[in-house]
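The structure appears right after this line, and notes come after that.
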Amino acid sequence: VQPFLLVTAKALASRLQDMLGVLYDRVLLCDFSDLARLKDVLLQGRIHWHSSIIPSGNQYAALYAARHLSRNCELAERLGGMTQLRTYDRLVAEIDKNPDGIVEKMSRIREFLLSRSRATISFVGESRDRKILDEWLKGLYSGMRDEDPLEGEVHFTPAMGSKEGIATPADVAFVAKTLPAVSMNHPDAPALLLLSVHLSYGYLWNEVRVKRGSYGVRASYDSGNGLFSFSSYRDPCVKETLEAFQGVFHHIANEMDLSAPAVEQAIIGSLKALDQPIRPGQAVGVALSRHIRGDTPELRRRFRKRLLALTGDDIRRSGTELLAPAFETAPTCVISSRERLTAANTTLKGTLSINDL
């Protein structure tokens with residue numbers, strides 16, 4: 001687990017110096033004592049997080065379910081899921097009661113971050129702009145410390161089988177189930193990528209979108225965390241969608257077309273996920289992320305080679321041997337109204353533990 005704070009900026013080359021000045025202020029000179037501005041930022045953040053629940057409900061549900069599977073997933077949900085939304089609610093409620101406490105915590109976080117050895121820079125631009133950046137970095141590093149701050153030891157215990165309902169004002173549901181799988185360097189990883197693409201546009205689309213009226217549905221493979229998830233978007237159903245997720249494995253074992261021509265088409269469709277064009281504005285983040293994660297060109301070449309060599313037997317075995325055994329105990333999360341969650345529980349034999357957002 002390697003959490004990191006990402007600070008990004010972009011500007012026309014003619015305004016590079018101005019942009020770097022703003023970055024310097026943000027990193028080194030942020031004024032937490034301006035309580036009126038701090039409260040305004042917290043209020044804006046809370047509005048942003050609350051307004052993103054419905055547009056991104058399937059992602060929040062999948063994150064919330066996955067938090068039970070690993071320390072990395074638990075941290076990702078705390079920082080980018082519904083737990084972060086609850087943190088904003090708590091901070092807004094506390095800012096008038098205990099402003100000094102909030103400022104003190106934020107100041108300690110900044111001090112923790114300002115260690116020179118922790119900083120990694122990613123830059124996209126012309127060589128003459130790189131020289132400007134190098135000079136700016138000398139000033140930035142002079143305001144940071146040499147020593148690494150101590151980190152506390154964190155323990156995590158996976159919790160399988162959780163089934164949670166999150167009640168929020170919504171006329172529809174977002175249903176997610178997340179399974180432990182394997183990471184990118186595992187031989188079966190390419191088959192899981194292919195399955196995620198093929199199921200999203202085939203079986204799941206027909207069963208959940210076409211037959212049941214969900215606005216969207218997908219299978220997703222996270223090669224970094226070793227996860228395979230199913231999620232639906234703006235879904236009128238809960239029980240039926242969970243049954244469709246479970247039916248994936250019967251489909252893979254008995255109905256999925258895994259003839260040579262069909263596998264070839266599925267491989268071509270899966271390659272699109274690897275061959276998306278990268279714009280300069282994206283390249284700076286992609287390069288930094290790959291560096292931090294150790295995602296090397298050689299690793300990606302091996303993954304592509306295994307993907308191109310997949311057979312029908314490889315695909316069927318990965319689905320039935322890797323994913324199917326993990327389904328029953330995989331964490332489940334449903335986001336919807338309390339009324340819809342309560343109604344779903346009558347057909348699910350009360351298995352959802354329902355809490356308000």
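Counting only helices (runs of 4 or more DSSP H) wholly contained in segment 239-357, the ones carrying 2 or more residues that are more than 30 Å from ALA13 (Cβ to Cβ) and in contact with a Leu (Cβ under 8 Å, 6 or more places away or on another chain) occupy 239-246, 260-271, 297-308, 312-317, 338-347.
Filtering PHE156, PHE174 for residues that are among the aromatic types (Phe, Trp, Tyr), surrounded by 14 or more Cβ atoms within 10 Å (Cβ to Cβ) and closer than 20 Å to VAL1 by Cα leaves a single hit, PHE156.
Scanning segment 81-96 for residues that are of a type in the set (Gly, Ala, Ser) and either open to solvent by less than 30 Å² (accessible area, probe 1.4 Å) or within 16 Å of GLU164 (Cα to Cα) (or both) yields one hit, GLY81. Counting only helices (runs of 4 or more DSSP H) that sit completely within segment 1-107, those holding 1 or more residues that are under 22 Å from ALA176 (Cα atoms), among the acidic types (Asp, Glu) and in contact (Cβ under 8 Å) with a residue 24 or more places away in the chain correspond to 71-80. Checking each residue in segment 209-249 for being among the aliphatic types (A, V, I, L, M), within 29 Å of LEU271 (Cβ to Cβ) and under 22 Å from the mean Cα position of the chain (by Cα) picks out VAL217, ALA219, LEU227. Of the residues screened, ALA244 is not one that is open to solvent by less than 30 Å² (accessible area, probe 1.4 Å), at pLDDT below 95 and either in contact with a His (Cβ under 9 Å, 6 or more places away or on another chain) or over 30 Å from SER115 (Cα atoms) (or both). Is one or more of the residues making up segment 264-271 in contact with a Lys or Arg (Cβ under 6 Å, 6 or more places away or on another chain) and within 26 Å of ALA61 (Cα to Cα)? The answer is no; no qualifying residue exists.
The residues of segment 196-216 that are in contact with a helix residue (DSSP H, G or I) (Cβ under 6 Å, 6 or more places away or on another chain) and touching a residue at least 60 places away in the same chain (Cβ under 8 Å), listed by number, are VAL197, HIS198.
The values are calculated or read from the model by the stated rules, or taken from the named source; none is laboratory data. Note that the structure is predicted; figures quoted are calculated from it, not measured. Reconstructed Cβ throughout: ideal geometry from the backbone, glycine too, with neighbour counts over all protein chains shown. Side chains included, ligands, DNA and RNA excluded: accessible areas come from the protein's heavy atoms. Shrake-Rupley method; radii C 1.70, N 1.55, O 1.52, S 1.80 Å.
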